[in-house]
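Only one structure is covered here, and it is reproduced in the block below.
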Amino acid sequence: MELQTALATLIMPPFAPLVGLLLAFVFWFFPSSTPVAKLSLPLAILCFLTLWICATPAFSGWLGQRLVGLQPPAPDVEPAAVVVLGGGRYRDPESGSERLSAASLERVAWAVANAPEQLPILVTGGRVYSGEKVPESDLMADALEKLFQRPVTWRENCSRSTAENATNSAALLHDSGVESVLLVTHWWHMPRAAESFARAGIQVRPLPVGSAGELVPRAEIGLLRWLPSAAALLRSQMYWRELVADQWYRWRPLPTRRSC
């Protein structure tokens with residue numbers, strides 16, 4: 001999984017524009033009469049503008065709307081269970097302590113607040129990176145049971161990706177006779193997640209956390225929409241990753257059920 005994360009980083013801002021700027025700097029030292037040296041200034045300008053645009057709220061908002069357009073229509077079915085996808089964890093390498101990330105905890109709380117209480121809950125997420133002690137599903141289940149007093153019926157603790165979330169969860173649900181679910185994850189992750197579960201044979205009614213509009217603060221209106229910020233760059237990176245991953249998933253078969 002570390003290799004997959006590294007490869008994804010290579011095609012997302014800010015890495016690619018920064019590499020281009022580095023190449024432009026190197027090309028500048030070539031003899032001025034060579035084509036490579038003449039390319040240095042245009043390349044530097046292109047990479048600078050690309051990095052600037054990717055860091056603007058206007059661009060991140062545009063990418064977010066592309067994700068909204070990828071959301072498949074929800075089937076008209078009555079869900080028989082709730083599935084909550086893991087969204088990461090915080091881990092202190094010195095003490096070894098682990099806890100849910102803000103994204104994971106937000107998904108858990110959203111499920112508690114918005115899903116019908118009578119529906120059984122499945123939490124899904126395993127150990128993604130080396131050194132992680134407990135499956136992410138156990139951390140989510142503990143939060144649901146201890147903080148919110150909501151029982152967890154299934155813990156899928158072997159998956160490391162959205163595709164494996166879908167395959168492993170579908171196997172557990174099918175064994176229990178469940179064919180349709182309320183799927184809880186963040187809105188920007190929902191298109192890829194819902195598509196993966198549908199391909200795994202589960203009918204999905206999305207229950208997304210948040211929406212595209214609520215992530216744009218009031219300080220990012222008017223002219224400020226075109227000024228770069230770290231928050232906008234982070235959103236652009238996250239949305240761009242989802243857009244690329246969505247297309248990648250469509251071309252690849254779902255993995256087989258993973259054991260651990």
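The values are calculated or read from the model by the stated rules, or taken from the named source; none is laboratory data. In this text the structure is predicted, and so the values were computed from the model without any measurement. Virtual Cβ from ideal backbone geometry, glycine too; neighbours counted across all protein chains shown. Heavy atoms of the whole protein, side chains included, go into the accessibility calculation; ligands, DNA and RNA do not. Shrake-Rupley method; radii C 1.70, N 1.55, O 1.52, S 1.80 Å.
Numerical summary
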quantity: Label-point gap, in nm, between Q65 and T9 - each point 7 angstrom along Cα→Cβ; calculated: 3.2
quantity: Prolate/oblate/rounded call for segment 28-81, Cα gyration tensor, a/c under 1.5 rounded; calculated: prolate
quantity: Sites L227 and A16, calculated FRET efficiency, Cβ-Cβ separation with R0 22 Å, nearest 0.05; calculated: 0.55
quantity: (1) 72, 50, 32; (2) 65, 52, 38; (3) 72, 41, 39, with the label sought being that of the calculated Cα extents along the principal axes in Å; calculated: (3)
quantity: Residue among T9, P31, G88 farthest towards the positive dipole end of segment 1-153, charges placed on Cβ; calculated: P31
quantity: Bridge type composition, the chain - antiparallel percent by DSSP, nearest 5; calculated: 15
quantity: Cα-based helix-to-principal-axis angle, 190-199 vs the chain, degrees rounded to 10; calculated: 50
quantity: Between 0 and 90°, nearest 10: helix 102-114 axis offset from the chain longest Cα axis; calculated: 40
quantity: Order of exposure, largest accessible area first, which applies to Y90, Y239, Y249 with probe 1.4 Å; calculated: Y90, Y249, Y239
quantity: Area of L22 that stays accessible when all protein chains are in place (1.4 Å probe, Å², to 10); calculated: 110
quantity: Added length on full extension, which subtracts the Cα-Cα distance from 0.36 nm per residue, Y90 to F48; calculated: 11.8 nm
quantity: Max mean-square fluctuation residue, GNM over the chain, Cα-Cα springs under 10 Å, options V244, V209, V36; calculated: V36
quantity: Charge dipole (debye, nearest 20) of the chain; +1 at Cβ of Lys and Arg, -1 at Cβ of Asp and Glu; calculated: 660
